[in-house]
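The values are calculated or read from the model by the stated rules, or taken from the named source; none is laboratory data. On a predicted model such as this, the values are computed, not experimentally measured, just so you know. Backbone-built Cβ (ideal geometry, glycine too); neighbour counts: all protein chains shown.
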Amino acid sequence: MGMDEMLSIRDAFLISAIVDEQRASREFLMDFAERPKQPSNAQRLEQLLSDAFRDPSARPDMKRCDQAINMLFDIIDMIPKPYRAQPFAVISYIMWWMGQEGAIAAAISALAIDDRCSLAAIVCSAVERHIGPAWTSET
C-alpha cells in the first residue's frame, strides 16, 4: 500500500530487484525511499537505472528477480484491488527486465486498475517498440 502512497517505495523495491547490493546498498534504498527528492538520492537512482539499462554485462540475477516477483504476487493477494496497480507495474518492469513475455500482461493489469500508472505505460511502450535492456537482444 505504501507503493501507492509514495512512488519512492516502489522505485526502491524495483532497484533492489534489478541491481545488486554492492551498487545499491540497503542504506541507500532506505534513504531513497524516505527522501527521494534529495538531489544525491535522485541522481543516484537515475544513474543506477541508466547503468543497468545501458550496460550489456548488467544481466539480471534471475533468482533475485523471481523472488521479488513472487513476493509481489503474494502482496497483491493480500491487499485491496485499488492498491494493486503499483505492485503489478513493478512485476511488469522486472519481467521486462528479465525478457519474459508476461511483462505486458502485468502492465495491462496495472493499467486496468489505474490508467495513469506511468511505470506500466512505460513497460507497454518498451515492449511494443521492442526496446529492452542492453543485455537482451532487444534494442
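Name the residue that is modelled with the lowest pLDDT, counting only residues in the stretch 76-95 that are farther than 24 Å from LEU49 by Cα and assigned to a helix (DSSP H, G or I).
Going through the qualifying residues, I end up with PRO82.
Please pick out the residue among ALA58, ALA12 that is farther than 25 Å from ASP77 by Cα, touching a residue at least 12 places away in the same chain (Cβ under 8 Å) and in contact with a Phe, Trp or Tyr (Cβ under 8 Å, 6 or more places away or on another chain).
ALA58 is the lone residue from the list that is farther than 25 Å from ASP77 by Cα, touching a residue at least 12 places away in the same chain (Cβ under 8 Å) and in contact with a Phe, Trp or Tyr (Cβ under 8 Å, 6 or more places away or on another chain).
Consider GLU21 carefully, then state whether it is free of Cβ contacts under 8 Å to residues at least 40 places away in the same chain and either assigned to a helix (DSSP H, G or I) or in contact with a strand residue (DSSP E or B) (Cβ under 8 Å, 6 or more places away or on another chain) (or both). Working first, answer last.
Numbers: free of Cβ contacts under 8 Å to residues at least 40 places away in the same chain: yes; either assigned to a helix (DSSP H, G or I) or in contact with a strand residue (DSSP E or B) (Cβ under 8 Å, 6 or more places away or on another chain) (or both): no.
Spelling it out, it is not the case that GLU21 is free of Cβ contacts under 8 Å to residues at least 40 places away in the same chain and either assigned to a helix (DSSP H, G or I) or in contact with a strand residue (DSSP E or B) (Cβ under 8 Å, 6 or more places away or on another chain) (or both).
When the stretch 25-41 is examined, which residues are found to be surrounded by 11 or more Cβ atoms within 10 Å (Cβ to Cβ) and either within 16 Å of the chain's Cα centre (by Cα) or not in a loop (DSSP other than H, G, I, E, B) (or both)?
Matches in the stretch 25-41: PHE28, LEU29, MET30, ASP31, PHE32, ALA33, GLU34, PRO36, SER40, ASN41.
For residues in the stretch 61-87 being out of contact with any Asp or Glu (no Cβ under 9 Å at 6 or more places or on another chain) and either under 21 Å from ARG129 (Cα atoms) or of a type in the set (Asp, Glu) (or both), which is surrounded by the most Cβ atoms within 10 Å (Cβ to Cβ)?
ASP66
For the stretch 98-117, how many residues are at pLDDT 95 or above and in a helix (DSSP H, G or I)?
11
Is it the case that some residue within the stretch 10-28 is touching a Ser or Thr at 6+ places or on another chain (Cβ under 6 Å) and not β-branched (Val, Ile, Thr)?
There is no residue in the stretch 10-28 that is touching a Ser or Thr at 6+ places or on another chain (Cβ under 6 Å) and not β-branched (Val, Ile, Thr).
Residues in the stretch 42-55 that are in contact (Cβ under 8 Å) with a residue 12 or more places away in the chain and loosely packed, with under 13 Cβ neighbours inside 10 Å: how many?
Summing the residues that are in contact (Cβ under 8 Å) with a residue 12 or more places away in the chain and loosely packed, with under 13 Cβ neighbours inside 10 Å in the stretch 42-55 gives 2.
Of everything in the stretch 3-12 that's out of contact with any helix residue (DSSP H, G or I) (no Cβ under 6 Å at 6 or more places or on another chain) and of a type in the set (A, V, I, L, M, F, W, C), which residue is surrounded by the fewest Cβ atoms within 10 Å (Cβ to Cβ)?
Ranking the qualifying residues of the stretch 3-12, first place goes to MET6.
Could you look through the stretch 105-139, keep only residues that are without any contact (Cβ under 8 Å) to a residue 24 or more places away in the chain and closer than 20 Å to ASP66 by Cβ, and pick out the one that is surrounded by the fewest Cβ atoms within 10 Å (Cβ to Cβ)?
Per the stated criteria, the residue is ALA105.
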